[in-house]
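Engineer: Handing you a structure now.
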Amino acid sequence: MRHIILIISICFSNTLFAQTAKEIVQKADDKMRGNTMQAELIIKTIRPTWTREMQCRTWMKGNTLAMIQIISPAKDKGIAFLKRKKEVWNWMPALERTIKLPPSMMSQSWMGTDFTNDDLVKESSVVEDYDHSIIGDTTIDKRDCFIIQMIPKPQAAVVWGKVIVCIDKKDFLELHSRFYDEDGELINTMNSYDVKMMHDRIIPTRFEMIPADKKGQKTEMIYKNIQYNKPIDNNFFTIEKLKTLS
Amino acid sequence: MWLIKMAWKNMWRNRNRTIITMAAIFFAVILSVIASSLQKGIFDNLVKNVVSFYTGYVQVHKQGYWDEQILDNSFESSAATEQKILQDENVTAITSRLESFALVSSADITKGSLVVGINPEKENEITLLKNKLTQGSYLNDDDNAVLLSQGLAERLKLKAGDTIVLIGQGYHGATAAGKYYIKGILKFGSPDLNDKTLFMPLAAAQDFYSAYGMITSYILSLKDTRNLQATASSIRKTLGPAYEVMTWEEILPDIKQHIKADSSSMKYIQGILYILICFGIFGTLLMMMVERKFEMGMLVAIGMKKTKLIILLLVESVFTVLAGCLLGIMASIPLVYYLNRYPLKMGGETAKAYERFGFEAIFPTSVEASNFINQGLIVLVIGLLLSLYPMYKVIRLNAVTAMKR
């Protein structure tokens, strides 16, 4: 009898465990994104011989709608990007023109950073498009973390071959991620620091993106303030609005 | 002494024969001088053309720029560096450029283009940019305008007076975007330049690329282009390892190789010319020996030593060859100068093809002094070598058979 209970409990815990991997990722994702999100952030491009700082404002709604506007440096002020589903438009005030980014430009650097234009557009959901499994535990900055391996589903439009994420057990914070290509080669590493109370939740506020093959190069994102779940109308995410943002 | 006197008398005993031999050498010298001065002149002209298209004779960049031609490899322009370069006596002019690629676009059409920030006046001194203007007017230092190459303007369907939009990436990842007035259209011979270049004043380009005070290269022009390598290495020494100094030969290795290949084929042509010259001179010598067979047989028969006879003949040929050479050089100098002043012009289709690529359709000659001397010496040596034939004949001479009629 005791054996049976043990077996059942093991089976149960297994299924429970498999679900939790997905749930953990879901919780972490929800926490970071919210339903809508408005934020002000600083993006630092760090190169071996120079660094550059940009300030921008973002609006996001779900996975599909987003807008980014550059506030500084003065020369770039007013440059804005609109993402609707898979398409990106770029408003250049100096040219008084919107440019729809062609597919050929998607793999190019976004505003000179280590992010590509494609990083802005990717619609893939870390929850829906991957199979998740917990492969271990670790400690990052004195926080206990799950190590979760995410393998993209065959039909998902994902460029990675494998993603490893470390998510904090208590607050569900994504503290470290590694992105691998189809050959299992490390491409990008993302680290998160400075866990703080922002608006209504505790989240990391400084992220760094380190490309594996370029020495001394990285991009840092620092959130100055974030507002979650403040309703934004769908009509906000239009080309007309892009031009009149200020 | 009497030998020389006798040689002199011998030469003028049969005036026609001597004159014919001299004439053979005279024309040989003129031919080979003109051939080689044309060759040299054509290549010099080609280099002058190509270099004045765009590259200049010598360029100075930041170390490593040539391998990775990006804005981040630019350097700060400074009057001190310019002074250092201008200290070299062979450098006549210097201008700075800021070059990078950007997208240029009219209403609906977009093309990639080389966007070059220039110092309008100084650039004109070196690459004669103003002469390439076909429409509109030339740039001023503080214009916020551009000059568009003709091919690019046609593709974008733009003309002088329109507005063009540029977009690209600037210095240190900055965004480069701007609208500019098209002040003029430039026509370049080289299709490469004609299809994708755009010029703007340096200040405007530095603002566009957010590369304030930066330039990617110094372009130098030289007084004496033959001292190219020496000048380049002396500048390299003064500037130190932070800069790379490149000659046009390194920047345009294809042109250098073309000249090398062409001049080696010219060597064969010259070789054939020399063989023709040999036969011309040899023919006259052969005739002379046949005509004077009896005379020589008689001289030997009455007791003249063969060595004396040989010396006599040598002196005679040295006189004739030398006189022919000197006359030839003297005659070729005005001829070559004339052809340098009023070069041979190509006509018809060839000329059009040349002009389409921006080359002058002319064959100028080079008036380098060394050329005359070298060719004169070569013909002199040929003449002297050939006069070994009479020597050989004299050594083999049998007085009795020679005198048989």
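The values are calculated or read from the model by the stated rules, or taken from the named source; none is laboratory data. Keep in mind that this is a model prediction, so the values were computed, not measured. In this analysis, Cβ positions are derived from the backbone assuming ideal geometry, glycine residues included, and neighbour counts consider all displayed protein chains.
Engineer: Using the structure shown, decide if B:Gly56 is on the phi > 0 side of the Ramachandran plot and either surrounded by fewer than 17 Cβ atoms within 10 Å (Cβ to Cβ) or of a type outside the set (Gly, Ala, Ser) (or both).
Structural biologist: Considered against the rule, which asks whether it is on the phi > 0 side of the Ramachandran plot and either surrounded by fewer than 17 Cβ atoms within 10 Å (Cβ to Cβ) or of a type outside the set (Gly, Ala, Ser) (or both), B:Gly56 comes out as no.
Engineer: For region B:201-239: of the residues being within 14 Å of another protein chain (Cβ to nearest Cβ) and aromatic (Phe, Trp, Tyr), which is nearest to B:Asp143 (Cα to Cα)?
Structural biologist: Among them, the one singled out is B:Phe208.
Engineer: Given the condition surrounded by 15 or more Cβ atoms within 10 Å (Cβ to Cβ), hydrophobic (A, V, I, L, M, F, W, C) and within 30 Å of B:Gly151 (Cβ to Cβ), answer yes or no: does some residue in region B:255-273 qualify?
Structural biologist: yes
Engineer: For region A:74-88, how many residues meet the condition of being away from chain B (no Cβ under 14 Å) and in a strand (DSSP E or B)?
Structural biologist: 5
Engineer: Only one of B:Glu291, B:Glu316, B:Glu295 is surrounded by 16 or more Cβ atoms within 10 Å (Cβ to Cβ), more than 30 Å from B:Trp248 (Cα to Cα) and among the acidic types (Asp, Glu). Can you tell me which?
Structural biologist: B:Glu316
Engineer: Assuming B:Ala177 fulfils every condition listed in (1) within 14 Å of another protein chain (Cβ to nearest Cβ); (2) part of a loop (DSSP other than H, G, I, E, B) apart from one, which condition is it?
Structural biologist: (2)
Engineer: Which members of region A:91-127 meet the condition of being touching a residue at least 24 places away in the same chain (Cβ under 8 Å), under 17 Å from B:Ser106 (Cα atoms) and surrounded by fewer than 17 Cβ atoms within 10 Å (Cβ to Cβ)?
Structural biologist: The one that is touching a residue at least 24 places away in the same chain (Cβ under 8 Å), under 17 Å from B:Ser106 (Cα atoms) and surrounded by fewer than 17 Cβ atoms within 10 Å (Cβ to Cβ): A:Thr98.
Engineer: Let me ask you something else. When you scan region A:28-49, how many residues do you find that are without any contact (Cβ under 8 Å) to a residue 40 or more places away in the chain and within 14 Å of the chain's Cα centre (by Cα)?
Structural biologist: Within region A:28-49, residues that are without any contact (Cβ under 8 Å) to a residue 40 or more places away in the chain and within 14 Å of the chain's Cα centre (by Cα) number 2.
Engineer: Still on this structure: So A:Ile70 ticks every box in (1) at pLDDT 85 or above; (2) touching a helix residue (DSSP H, G or I) at 6+ places or on another chain (Cβ under 6 Å); (3) not in a strand (DSSP E or B) but one. Which box is left unticked?
Structural biologist: Status for A:Ile70: all satisfied but (3).
Engineer: Moving on. Inspect region B:113-126 for any residue being within 14 Å of chain A (Cβ to nearest Cβ), assigned to a helix (DSSP H, G or I), crowded, with 17+ Cβ neighbours inside 10 Å and in contact with a Phe, Trp or Tyr (Cβ under 7 Å, 6 or more places away or on another chain) and give the result as yes or no.
Structural biologist: Within region B:113-126, none of the residues are within 14 Å of chain A (Cβ to nearest Cβ), assigned to a helix (DSSP H, G or I), crowded, with 17+ Cβ neighbours inside 10 Å and in contact with a Phe, Trp or Tyr (Cβ under 7 Å, 6 or more places away or on another chain).
Engineer: Just to be sure before I move on: is A:Thr98 within 14 Å of another protein chain (Cβ to nearest Cβ), touching a Lys or Arg at 6+ places or on another chain (Cβ under 9 Å) and of a type in the set (S, T, N, Q) in the structure I sent?
Structural biologist: Against the criterion (within 14 Å of another protein chain (Cβ to nearest Cβ), touching a Lys or Arg at 6+ places or on another chain (Cβ under 9 Å) and of a type in the set (S, T, N, Q)), A:Thr98 qualifies.
Engineer: Let me ask something else. Filter region A:101-149 down to residues that are under 29 Å from A:Lys83 (Cα atoms) and either of a type in the set (Phe, Trp, Tyr) or within 14 Å of chain B (Cβ to nearest Cβ) (or both), then give me how many there are.
Structural biologist: 15
Engineer: From B:Leu186, B:Leu198, which residue is away from chain A (no Cβ under 11 Å) and either without any contact (Cβ under 8 Å) to a residue 12 or more places away in the chain or in contact with a helix residue (DSSP H, G or I) (Cβ under 6 Å, 6 or more places away or on another chain) (or both)?
Structural biologist: B:Leu186
Engineer: Right, here's the next one. Of everything in region A:128-163, what is free of Cβ contacts under 8 Å to residues at least 60 places away in the same chain, within 23 Å of A:Asp194 (Cα to Cα) and not in a loop (DSSP other than H, G, I, E, B)? Give them in sequence order.
Structural biologist: Correct list: A:Asp137, A:Thr138, A:Thr139, A:Ile140, A:Arg143, A:Asp144, A:Cys145, A:Ile147, A:Val163.
Engineer: May I ask you to verify whether B:Leu228 is within 30 Å of B:Leu313 (Cα to Cα) and out of contact with any helix residue (DSSP H, G or I) (no Cβ under 6 Å at 6 or more places or on another chain)?
Structural biologist: Taking the combined requirement at face value, the residue does not satisfy it.
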